[in-house]
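Data first, discussion second: the structure below is written as structure tokens.
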Amino acid sequence: MRIPVKTKTGGYEITLERGAMKHAGEILNLDRNAVIVTDDGVPEQYAKTIAAQCKQCAHIITLPQGEKSKCIENFIYLLKEFTRVGLTRTDCAVAVGGGVVGDLTGFACACYMRGIDFYNIPTTVLSQVDSSIGGKTAIDFEGYKNIVGAFYPPCAVIIDPDTLDTLPRRQIANGLAESVKMALTFDSALFEQLESDNFEIDDVIYRSLLIKKQVVEKDELESGLRRALNFGHTLAHAVESESAGALYHGECVAIGMVPMCCESVRKRLVPVLKRLGLPIRFEGKAQSLQDAMEHDKKKSDGKITVIFADRIGGYEMRQMNAREILELAKKAAKVLGDQFDIEIVEKHHNQKLDAPSGTALMLAQAASDGVDYQPEFVYERHSVRKKRDKTEIGISAIRGGTIVGEHDVIFAGRDEVLTLSHAAMSKEIFAVGALNAALFLHGRPAGFYSMTDVVNAV
């Protein structure tokens, strides 16, 4: 199966076919000197199969497996090897492996002699459905992912699903995270297919490629539409940096998607991710995640464009400033990780009869809605003789003097505490609130409305 990709910088063709690697010489122009770049996690036979089809000199370079190889040192190493073997502008390089190998080799080809021919043979699900198409090449630098790179499309791509037979289940799931991403934002039918246990991986790859092809052809340089393919990636890149290689890219994308969708979408997304064996949370510090996001390459004029899935098969773009990003990081650390203990402390005057207050209970319920476990409300702790359980939400009431009303929602984690506070200095604000509620109700049909409805309407 041939998939043509037409862009302003030049078109190329993707060959999707089982066994295609065995006749790569019929698809690629290998009648010249070639450097074949792979890594030690890829079966040796793959690179040797390509080398055997080169009609002139074929030099194989094997790099260490993993994201750490996508660095400035290996970029320089490739350039030195290109020079050592005497590649000219009429020669080529072939990447055989995952996204790391493809990104690194493509970027080296873009820079060497101002550009030599680059062929890509991705051998993982992740690289086949995502990095194989679009022309993005890059390396990581100073701890930040893909921050140095270029748009440099390959001359041709060969996708041979037979290469997936040797991959462990975790690597398969890692790649399918990108297919979930594309389905969630562009193709509801594909998402429904992924919701079932009855999908063919070859078909998922094909449909994912068609989505990305259509997007790339309309917006090759990521000035508009293509930004939608970054769904889940703003937080994912931060998590990837924080995890220091413990998590794969697709796993980080899975984590990054969860807080970036509305509740109805999240309810369908989370079961899909869990069934595929993908994580949905990360134990990270809010400030560290913010720092990583602050270096996101999608940042412009102090703001980052994030993609929010408001429906299956659709999305909206939102711009967030540094303050809002901090709030996102804090929310992500709270929603995605269970390392924070939640405690609510309310203070009122000594004449108040009920304890805890209705506001405290409302806050506790809101916090309860934000976690994926069933919490237990614990009122005070004077009668509890045990260590605090992770599923507790503690509620404490203080009564004294003429305190009008104060509420603190405390998220207590390891080495950091996040507190959301509100204080009423007079009862006048409650009168204003009552008037706002009355204005909200004016002209609306009879029914039950909550304070959440009032707040959201402001």
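The values are calculated or read from the model by the stated rules, or taken from the named source; none is laboratory data. Every value quoted in this text rests on a predicted model; they were computed, and no experiment measured them. FYI the Cβ positions are ideal-geometry reconstructions off the backbone, even for glycines, and counts take in every protein chain you see.
Failed condition for Gly41, given (1) modelled with pLDDT of 95 or more; (2) outside any helix (DSSP H, G or I); (3) small (Gly, Ala, Ser), with all others met? Going through the list (1) modelled with pLDDT of 95 or more; (2) outside any helix (DSSP H, G or I); (3) small (Gly, Ala, Ser), Gly41 breaks only (1).
Yes/no per residue for (1) among the β-branched types (Val, Ile, Thr); (2) in contact with a helix residue (DSSP H, G or I) (Cβ under 7 Å, 6 or more places away or on another chain); (3) farther than 30 Å from Asp165 by Cα; (4) modelled with pLDDT of 85 or more:
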{"residue": "Asp197", "(1), (2), (3), (4)": "no, no, no, no"}
{"residue": "Glu200", "(1), (2), (3), (4)": "no, no, no, yes"}
{"residue": "Thr234", "(1), (2), (3), (4)": "yes, yes, yes, no"}
{"residue": "Ile255", "(1), (2), (3), (4)": "yes, yes, no, yes"}
{"residue": "Lys267", "(1), (2), (3), (4)": "no, no, yes, yes"}
{"residue": "Ile280", "(1), (2), (3), (4)": "yes, yes, no, yes"}
{"residue": "Ser288", "(1), (2), (3), (4)": "no, yes, yes, no"}
{"residue": "Met293", "(1), (2), (3), (4)": "no, yes, yes, no"}
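Matching residues to (1) in a loop (DSSP other than H, G, I, E, B); (2) of a type in the set (Val, Ile, Thr); (3) surrounded by fewer than 18 Cβ atoms within 10 Å (Cβ to Cβ):
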site: Ile121; (1), (2), (3): no, yes, no
site: Val129; (1), (2), (3): no, yes, no
site: Ala173; (1), (2), (3): no, no, no
site: Met182; (1), (2), (3): no, no, no
site: Asn198; (1), (2), (3): yes, no, yes
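Against the conditions (1) of a type outside the set (Val, Ile, Thr); (2) in contact (Cβ under 8 Å) with a residue 12 or more places away in the chain; (3) surrounded by fewer than 17 Cβ atoms within 10 Å (Cβ to Cβ); (4) farther than 23 Å from Asn146 by Cβ, Met21 satisfies every one except (3). Please specify each residue of segment 226-282 satisfying the condition of being surrounded by 23 or more Cβ atoms within 10 Å (Cβ to Cβ), free of Cβ contacts under 8 Å to residues at least 60 places away in the same chain and not in a helix (DSSP H, G or I). Answer for segment 226-282, where residues must be surrounded by 23 or more Cβ atoms within 10 Å (Cβ to Cβ), free of Cβ contacts under 8 Å to residues at least 60 places away in the same chain and not in a helix (DSSP H, G or I): just Phe282. Selection of segment 44-88 for residues being in a helix (DSSP H, G or I), within 24 Å of Leu247 (Cβ to Cβ) and polar (S, T, N, Q) yields Ser69, Asn74. Of the residues making up segment 194-217, those that are charged (D, E, K, R) and either closer than 20 Å to Thr124 by Cβ or in the same structural domain as Ser132 (by TED's automatic domain parsing) (or both) are Glu200, Asp202, Asp203, Arg207, Lys212, Lys213. Being assigned to a strand (DSSP E or B), surrounded by fewer than 19 Cβ atoms within 10 Å (Cβ to Cβ) and assigned by TED's automatic domain parsing to the domain that holds Asp39 holds for only one residue in Ile158, Ile147, Ile139, and it is Ile147. Whether any residue in segment 188-195 is touching a strand residue (DSSP E or B) at 6+ places or on another chain (Cβ under 8 Å) and acidic (Asp, Glu) is what I want to check. Checked segment 188-195: no residue is touching a strand residue (DSSP E or B) at 6+ places or on another chain (Cβ under 8 Å) and acidic (Asp, Glu).
For segment 91-110, taking the residues that are touching a Gly at 6+ places or on another chain (Cβ under 9 Å) and over 22 Å from Gln45 (Cα atoms), the one that is surrounded by the most Cβ atoms within 10 Å (Cβ to Cβ) is identified as Cys109. Within segment 37-46, the set of residues being surrounded by 17 or more Cβ atoms within 10 Å (Cβ to Cβ), over 15 Å from Gly99 (Cβ atoms) and free of Cβ contacts under 8 Å to residues at least 60 places away in the same chain is empty.
Residues that are without any contact (Cβ under 8 Å) to a residue 12 or more places away in the chain and not acidic (Asp, Glu) were ranked within segment 215-225; the one that is surrounded by the fewest Cβ atoms within 10 Å (Cβ to Cβ) is Ser223. Considering Thr62, Thr88, Thr49, Thr83, the condition of being surrounded by fewer than 22 Cβ atoms within 10 Å (Cβ to Cβ), outside the structural domain of Ala244 (by TED's automatic domain parsing), modelled with pLDDT of 95 or more and under 17 Å from Ala156 (Cβ atoms) is satisfied by Thr49 alone.
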